[in-house]
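Notes for the one structure printed next.
Each reported figure results from applying straightforward, stated rules to the coordinates on display, with no laboratory input. These numbers come from a predicted model, not from an experiment. Don't worry about glycine lacking a Cβ; one is built from the backbone with ideal geometry, like all the others, and counts go over all protein chains shown.
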2 protein chains.
Amino acid sequence: MNHLLLKNVRPLEGDTVDVLAVDGTIQKVAAGISSPGPDTAVIEGENRILVPGLVDCHTHIDKTFWGLPWHRHQAGPRLIDRIENERRLRREMNLSPEISSENQVRQAIRMGTTHIRTHVDVDTEIGLRHLEGVQATRERFKNQITIQTVAFPQSGMLIRPGTAQLLEEAVKAGADLIGGIDPSSMDRDPAGHLDTIFDIADRHAVGVDIHVHEHGMLGGFAIELIAERTKALGFQGKVNISHAFCLGMVDEEYLNQLVDLLLENSISIMSHAPGYIAFPPIKRLFQAGVVLCSGSDGIRDSWGPYGNADMLERAMLLGYRSNYRKDEDLEMCLEIATFGGARVMGTKLYGLEVGCRADFVLLSGETRTEAIVSRGPRKLVVKNGLIVARDGDCLI
Amino acid sequence: MNHLLLKNVRPLEGDTVDVLAVDGTIQKVAAGISSPGPDTAVIEGENRILVPGLVDCHTHIDKTFWGLPWHRHQAGPRLIDRIENERRLRREMNLSPEISSENQVRQAIRMGTTHIRTHVDVDTEIGLRHLEGVQATRERFKNQITIQTVAFPQSGMLIRPGTAQLLEEAVKAGADLIGGIDPSSMDRDPAGHLDTIFDIADRHAVGVDIHVHEHGMLGGFAIELIAERTKALGFQGKVNISHAFCLGMVDEEYLNQLVDLLLENSISIMSHAPGYIAFPPIKRLFQAGVVLCSGSDGIRDSWGPYGNADMLERAMLLGYRSNYRKDEDLEMCLEIATFGGARVMGTKLYGLEVGCRADFVLLSGETRTEAIVSRGPRKLVVKNGLIVARDGDCLI
């Protein structure tokens, strides 16, 4: 049996206790637990804050340049410039999705992430090659991190015939969800785009996670169409909308209508706190009961140089961009980057109670807010009861 | 004589050279410099990028909570709520401006900052106490960091009779510049506010640095009035406007008029890349020739929990908020956080050429952009030819 005893930690900033994990499950949380035997790994927690493993619920690990020689960014300003630049670079740089995903996974583990949902490009040029690379990484690190994959038509679906069939192949090959992107502005046929995706999801009993970058009313219309299909197919709780910038753009009356649709259909929302554009009103949605998650989105790739796979930094950016200054608001941002993401991923036994999986992180800082704004090295990262990172170093 | 030989560094990402500093001045920059003698400190630069010391050109070191027990933030949302909350906390917490400023200075040095311009609160309740505290810190660290002080009427000037006299006292007591704040919305008399400040500046031959948070046309009007006084008094090159959110709000035609006023009067602009509000169009101003600087603004104080005195993070935020993805744009942000700030502060002999002061930082990262987006520990920070921080630790 694998025993881990963590002494003197503060779960979610609560009173100081010890935590005993046995075979990857939290078995006891109490003050003054004595070591069950000489083969127990005993870690002194120094009164640090313990939180469940961070959840990066939207990223693109198949195509990061992390760990490669620096690449000067050169794409033009439009979405289509970036997509075409990416396709060109993919050919020229001969990137390996397996190596890219492994590099990002190691960085994420350093930063305390125990769960990742990653969108994986599928198109008529690369077929399922990216999915295969990510699946190899997932298999290799299956004890160190949980990875969910979304088959993602980055380059469009209906506008590139053959893509929908490939997406279905990807799902058959093990992708956990099916993705979509901008049904009107990219694919030019919002009903057709969404019908195709939901049909594949329905036939293969997988969830849906759709990128909606569309602004204002056009984005709102996409949400309406997604909600209609979620309801018709009984997909409540299985659908996530990523980005949804429009929720930060529409007027209050229409926002209320959209929030009702999200609640009625248990549709969750992902925001990574974009730097330059409106984004969903986090606290408004959170207080209404919408399930929220966050993610790194692309880090250091052909789309831009930013990001480091640190979900504490993402919580900081959510707060900074939203002008949240109170501790309770930043604690909400951390909750989104932990419990919110876990709900969206459908993670069972997530948390710090007895019976939960032993997936947790020991933070630097007196309070959760200090941990978020300071973002010191993670003192300890545990996955399945095993230490995977310590003092900021990935141990695997 | 104090000799420092830095081997194998890349000044501003250029070719690898050695840099020899003697008595605080860069004496030689060339490949293959041999050590002038046994008392020379020789540092291996490992081919890292060398940049001049970072310049934090707008902060509030007199009132940070950095280094103190965590304080839960509780101010209301309005500017006036925050100012009143600050005044209350100042009394209740019995903060020491000397300790606060010392704590922030040590953190800034760790992060590679060699020059700080700090606004220091002056009002009828605290008089010059904050200035005295900051001056004590400045004296104590005079060889380790350059500090400029702005006498700053945070709580208003005309609306609190006696404040203008105290500001003048502060200038007589050694404040390097005189500050101001929102001449219309806070002080209710824009012409009166600015006349008072410029009169003090003129009689004591000090520069001016004014906080303008005012939105849209009201902020633009403040800039017009500041430009008129700058011209009338021949103050070109001595006036900085901090925040100037309005430059990111007005229409293109009026923006062009304001930019012309800034250029004609050599008025510089400071932006710290606020998270939640419009801010100046950085590249537009930079390309027009407006001198730009950046700063931490308040870090971890009664205004909010954010910030860590890291000017590389500030360069990242400037880029992130502006949607700059190209390396050349992030290099501009770093230039603002170094050369721009040095120009605004009137720093002589700043740079990496022979004859410049030996104030520089050795960064982690293959390129300047990587250094900005990664923000690893600063490998070496040198001020006046002396090592003040190494591997992220402040040595003083």
**OP:** Report, to the nearest 10°, how far helix B:79-93 tilts away from the longest principal axis of the Cα atoms in chain B, using its own Cα long axis and a range of 0 to 90°.
**Re:** 70 degrees
Subject >> Number of Lys pairs (Cα under 15 Å; 8 or more positions apart or on different chains) in chain B >> reply: 6
Original post:
Any idea how far apart residue B:353 and residue B:252 come out in nm if each label point goes 7 Å out from Cα toward Cβ?
Top reply: 3.7 nm
Original post:
Over chain B, what is the mean sequence separation of C-alpha contacts under 8 Å (at least six apart), divided by residue count, expressed as relative contact order in percent?
Top reply: 21 percent
Subject >> Highest-MSF residue in chain B out of B:360, B:141, B:198 [GNM, Cα springs under 10 Å] >> reply: B:141
Original post:
How many angstrom lie between the C-alpha centres of region B:264-323 and region B:107-181?
Top reply: 20 Å
**OP:** Quick one: go through region B:273-314 and flag any residue whose amide nitrogen is under 20 Å from the point 7 Å out along the Cα-to-Cβ line of residue B:84.
**Re:** B:302-304
Original post:
Pairing the Cα long axis of helix B:252-264 with the longest principal axis of chain B, what angle in degrees results, from 0 to 90 and rounded to the nearest 10?
Top reply: 70 degrees
Original post:
What's the average, rounded to a whole number, of partner chain beta-carbon atoms within 10 Å of each residue's beta-carbon in A:306-313?
Top reply: 2
Original post:
Based on the alpha-carbon gyration tensor of region B:295-396 and its eigenvalue square roots a ≥ b ≥ c, which shape applies: rounded if a/c is under 1.5, prolate if not and a/b is larger than b/c, or oblate?
Top reply: rounded
**OP:** Arrange the following residues from fewest to most other Cβ atoms within 10 Å of their Cβ: A:176, A:310, A:56.
**Re:** A:176, A:310, A:56
Subject >> Residue with peak Gaussian network fluctuation, chain B [Cα springs, cutoff 10 Å], from B:185, B:34, B:96 >> reply: B:34
**OP:** Search the structure for amide H atoms under 5 Å from the amide H of residue B:28, placed 1.01 Å from N in the peptide plane, and list their residues when 5 or more places away or on another chain.
**Re:** B:20
Original post:
How far, in degrees from 0 to 90, does helix B:97-110 lean away from the longest principal axis of the Cα atoms of chain B, to the nearest 10?
Top reply: 40 degrees
Original post:
So how long is each side of region B:101-146 along the principal axes, counting just the alpha-carbon atoms, biggest first, in Å?
Top reply: 35, 16, 15
Original post:
How big is region B:48-113 by the Kirkwood estimate over distinct Cα pairs, in Å?
Top reply: 13.7 Å
Original post:
So for A:225, B:20, fewest C-beta neighbours within 10 Å to most, what's the order?
Top reply: A:225, B:20
Subject >> Cys residues of chain B counted as unpaired, since no other Cys beta-carbon is under 4.7 Å >> reply: B:246, B:333, B:356, B:394
Subject >> Cβ neighbours within 10 Å from other chains - mean over B:315-326 >> reply: 5
Subject >> ³J(HN,Hα) computed for each position of region B:222-232 - Karplus, 6.51 cos²θ - 1.76 cosθ + 1.60, integer Hz, glycine/proline x >> reply: 4, 5, 4, 5, 5, 5, 4, 6, 4, 5, 4
Subject >> Sparse-neighbour loop sites [GluC sites (Glu not before Pro); region B:284-364; at most 13 other C-beta within 10 Å; DSSP] >> reply: B:353
Original post:
So what is the orientation-averaged projected area of region A:54-344, using the convex hull of its C-alpha atoms, in nm²?
Top reply: 13.6 nm²
Subject >> Cβ-placed point charges (K, R +1; D, E -1), dipole of the protein assembly as shown about Cα centre in debye, nearest 20 >> reply: 1460 debye
Original post:
To two decimal places, what compactness ratio does the protein assembly as shown give when its Cα radius of gyration is scaled by 2.2 N^0.38 Å?
Top reply: 0.98
Original post:
From the label point of residue A:202, set 7 Å along Cα to the beta carbon, how far off in nm is each other copy's matching point, shortest first?
Top reply: 7.8
